[in-house]
Ligand SMILES: [Zn+2]
């Protein structure tokens, strides 16, 4: 993309400097100065609750690999949004649309308060990791009933998840669970570099992870119909990941 931008104003400079490279590495934006990767702090052991998504451990819950024929064939054919019609920004425009969630290794409480909101999940999920139960102290997955997301993606993500439950699985939560879609693996979390991107869409509250190794095609299609892109298409595939961008 030729650099035909008008002179960069102070606000944009600040955003870009703070974000340090939202754009994918080859989306050359001269104003973006990569910051050294800040490794996320070690996964804290927290009490259960929906707000324990940051820096999740990678421990996936064992899930039965009883993959019978998919119960998902009845989804209405939703058409994937063409990228040109995508309601979501390119990586380069993400900070302009979603704001500046922090800089360096720290999230901004001001941004969190202004931009994040809670999405009540249409079906209960549970963490793909375990945490100590407050009563028994046993390590168990935590129930997740709501997640923090960017206000801009609230209604879209709510629609997709509702479509998954009601249209793809026709309200059958057990069938949804068989495909692992109840296993929550993170949404908002201020993180450092993941898979080559200097800052993750998770840092904007505009991404969600399911702990699945194989994402059902109908679910991918449902997200695409809302303009979200699927991590399974990344150069380092993340089959459980969706994010509200149009990509590069
Ligand atoms: Zn992700």
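All of the numbers you see were taken from the coordinates with simple rules; none came from a lab. Being a predicted model, the structure only gives us computed values, none of them experimental. Please note: Cβ atoms are built from the backbone with ideal geometry, for glycine as well, and neighbour counts cover all protein chains shown.
Worth pointing out:
- The orientation-averaged shadow of the Cα convex hull for segment 114-243, equal to a quarter of the hull surface, comes to 8.5 nm².
- Between residue 118 and residue 174, the contour length at 0.36 nm per residue exceeds the alpha carbon distance by 17.7 nm.
- The length gained by stretching the chain between residue 108 and residue 93 to full extension, at 0.36 nm per residue less their Cα-Cα distance, is 3.5 nm.
- For the peptides 167-179, 217-229, residues were scored by their other Cβ atoms within 10 Å and the scores averaged per peptide; the highest-first order is 217-229, 167-179.
- The percentage of C-alpha pairs in segment 124-190 whose separation is greater than 20 Å is 38%.
- Highest average packing first - 199-210, 123-134, Cβ atoms within 10 Å: 199-210, 123-134
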